[in-house]
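Below is one structure; the comments refer to it alone.
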Amino acid sequence: MKRWLICILLLLTVSACAPPPWNEPPLHEDLTIVAPGEGAPVKRMTVLLTGWSRGDLSHFVRGAEKTPLIIPIPAFLVERADGYVLIDTGLAPSLATDPSRYVGSFLACLAKGYLKRLIMRPEWAVPARLQALGVEGAQVKHVVLTHAHFDHTGANRAFLDATFHLTDAALDAGRHGGIFKGYMDNDFPPAMKIAPLDFAGTPPFLTFTGSVDLFGDGSMIAVPLPGHSPGAIGVFVRAPSGPTLLVGDAAYLMQNIAEPRLIGLTVDDEAEWDTLCRLKRLQEQMPELRIVPFHDPEVFRSLPTAPEWF
């Protein structure tokens, strides 16, 4: 009996210590790439930098050494012939002046140390950035959310006349995931007009398993990028300066894709490995495609930011 008990304990110990099967990334060497084909280009696009955050490389690249890193927190503005499209809405404007208006007095006090990491000014928030560009909020007809974390949804309420494009999983996370997981339910009021993204049965695109043509003209195409946050997506944009894939937080840095290395925060490591390796294969096979992780400071030094366009 003791011998059997020892064997069971050994098996349990080995099982607990053994790495999960997705610790080695899938290489996807034989992955078929579906070319983007023809489509209408957008008129232009620009980066709206809503703030910066002090962080540590080990959070952005799992297993990396602790090295200070300051990351951008952007949104993107795309101009089409029929109006403007926002991709994410960045940090909440009140975080620059009075964080308690956004998270409440108790949480503002509790998260005081974290909030001090943010570098933000009122004129950097998306509504102010648009005003500086001469763009009225009512001209923003659509908002596409890559996922529902608060640094990507903070100005949602300024655009409730627009249609929001996001997955049901992202919407559910935004409304019910909770602030301690990075979601602010106030960013997702009932008044939002939602156009849900559903990739089930949709055609593959580039290296991804599905795709949704957002406006039916091939100018902007959403793709699933699971792993970081429920229902996360990327957006392919036919920009005048060349095809661009905005990947949100599917990768924090290009390093996550190039090596590949997991990001620090995931809801599904296996799905995240798969996403990173699909992005890596795409980077290797389509060098003309600009891949943009949203928090890579080196990438943003190379991109025109408002008031410049690309």
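The values are calculated or read from the model by the stated rules, or taken from the named source; none is laboratory data. Since we're looking at a predicted model, the values are computed, not measured. Because the Cβ atoms are built from the backbone with ideal geometry, glycine has one as well, and the counts that use them run over all protein chains shown.
Tabulated data
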| read-out | value |
| --- | --- |
| Condition met for T89 (assigned to a loop (DSSP other than H, G, I, E, B) and modelled with pLDDT of 95 or more) | yes |
| Verdict on H295 being touching a strand residue (DSSP E or B) at 6+ places or on another chain (Cβ under 6 Å), modelled with pLDDT of 95 or more, under 30 Å from K66 (Cβ atoms) and in a loop (DSSP other than H, G, I, E, B) | yes |
| Number of positions in the range 67-88 that are more than 14 Å from R54 (Cβ to Cβ) and in contact with a His (Cβ under 7 Å, 6 or more places away or on another chain) | 2 |
| Any chance S94 is surrounded by 15 or more Cβ atoms within 10 Å (Cβ to Cβ), outside any loop (DSSP other than H, G, I, E, B), without any contact (Cβ under 8 Å) to a residue 40 or more places away in the chain and not aromatic (F, W, Y) | yes |
| Residue within the range 50-73 that is closer than 23 Å to D268 by Cβ, surrounded by fewer than 20 Cβ atoms within 10 Å (Cβ to Cβ) and of a type in the set (S, T, N, Q) present | yes |
| Lone unmet requirement of (1) touching a residue at least 60 places away in the same chain (Cβ under 8 Å); (2) crowded, with 18+ Cβ neighbours inside 10 Å; (3) farther than 19 Å from V61 by Cβ; (4) touching a strand residue (DSSP E or B) at 6+ places or on another chain (Cβ under 7 Å) for P230 | (4) |
| Number of the exception - M45 against (1) over 23 Å from L160 (Cα atoms); (2) modelled with pLDDT of 95 or more | (1) |
| Residues within the range 167-208 that are outside any loop (DSSP other than H, G, I, E, B), surrounded by fewer than 21 Cβ atoms within 10 Å (Cβ to Cβ) and of a type in the set (D, E), tallied | 3 |
| Residue in the range 101-117 that is in contact with a Phe, Trp or Tyr (Cβ under 8 Å, 6 or more places away or on another chain), touching a residue at least 12 places away in the same chain (Cβ under 8 Å) and on the phi < 0 side of the Ramachandran plot present | no |
| Spans of helices (runs of 4 or more DSSP H) in the range 101-164 with at least 1 residues within 23 Å of the chain's Cα centre (by Cα) | 112-115, 126-133, 150-153 |
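Here is a yes/no grid of residues against (1) within 22 Å of N156 (Cβ to Cβ); (2) touching a Lys or Arg at 6+ places or on another chain (Cβ under 7 Å); (3) free of Cβ contacts under 8 Å to residues at least 40 places away in the same chain; (4) acidic (D, E):
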residue	(1), (2), (3), (4)
D172	yes, no, no, yes
G210	no, no, yes, no
F236	no, no, no, no
M254	no, no, no, no
L265	yes, no, no, no
